[in-house]
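Each remark here refers to the structure printed beneath this line.
The values are calculated or read from the model by the stated rules, or taken from the named source; none is laboratory data. Owing to the predicted nature of the structure, the values given are computational and were not obtained by experimental measurement. Counting neighbours? That spans all protein chains shown, and the Cβs are built from the backbone with ideal geometry, glycine included. Just the protein is used for accessible areas: all its heavy atoms, side chains included, with ligands, DNA and RNA removed. Shrake-Rupley method; radii C 1.70, N 1.55, O 1.52, S 1.80 Å.
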Amino acid sequence: MSVIETIADVKNTFLSRREMTCNFAGLGGKLKKSEAVKMVTKEYKLDGKVVIPIRLKTHVGRPTISGTFYVYDDEVLAKKHIDPTIFARLEKAKDKLEEEAKAAAEAKASETKDAPEESKEKSE
């Protein structure tokens, strides 16, 4: 059984986009927008399209999240239709994730680099 359940999937021809509403079961309080976008992109095979998370809403008393996503074929068109602050927030979150990944990789590299020296000291 899939974690994602489609509630609504509408093709808005006037705005040239696809509007999707999905439920994410069992992920209440644990799901980030970037993770939700990756899950939706993978589930509905939307590679090469621009998926914009508009809203993730948690339900009180239930471990369910409802998400609204807009899917565009062209990023330029998406930037014309959607508020620029949404793109700024998404870019900021993306940069933060990249920095965290880079810091984790550096920490792991320093651990592996320091580990052989400690074992040499113990043996002497």
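For the chain, place one equal point scatterer on every Cα, skip the solvent, and apply the Debye formula. What is log10 of I(q)/I(0) at q = 0.12, 0.15, 0.21, 0.22 Å⁻¹? With one equal scatterer per Cα and no solvent, log10 I(q)/I(0) is -0.58, -0.78, -1.24, -1.30. Placing a pseudo-label 7 Å from each Cα along the Cα-to-Cβ vector at residue 30 and residue 11 gives an inter-label distance of 3.6 nm. Principal-axis analysis of the Cα atoms of the chain puts helix 33-43 at an angle of about 70° to the longest axis. Helix 84-123 and the longest principal axis of the C-alpha atoms of the chain enclose an angle of approximately 20°.
GNM remark for the chain: springs join alpha carbons under 10 Å apart, and the peak mean-square fluctuation among 75, 19, 99 falls on 99. Take the solvent-accessible surface of the protein heavy atoms, probe 1.4 Å, and return the percent of it on the chain that carbon and sulfur atoms account for. Summing carbon and sulfur atoms, their accessible area is 53 percent of the total for the chain. Per residue, the average separation of C-alpha pairs within less than 8 Å and at least 6 apart gives the chain a relative contact order of 21 percent. Take the chain with all the other protein chains still there, run a 1.4 Å probe, and you get 74 Å² of accessible area per residue.
Simple rule: put +1 on each Lys or Arg Cβ and -1 on each Asp or Glu Cβ in the chain, find the dipole, and look at 90, 37, 54; the Cα lying farthest toward the positive end is 54.
Expected output is a single nm value to one decimal: the length gained when fully extending between residue 60 and residue 97, i.e. 0.36 nm times separation in residues minus the C-alpha distance. What is it? Walk me through the numbers on the way to the answer.
Numbers: separation 37, 0.36 × 37 = 13.32 nm, distance 2.78 nm.
So the extension gain works out to 10.5 nm.
Computed about its Cα centre, the charge dipole of the chain is approximately 760 debye, with only Lys, Arg, Asp and Glu carrying charge at their Cβ.
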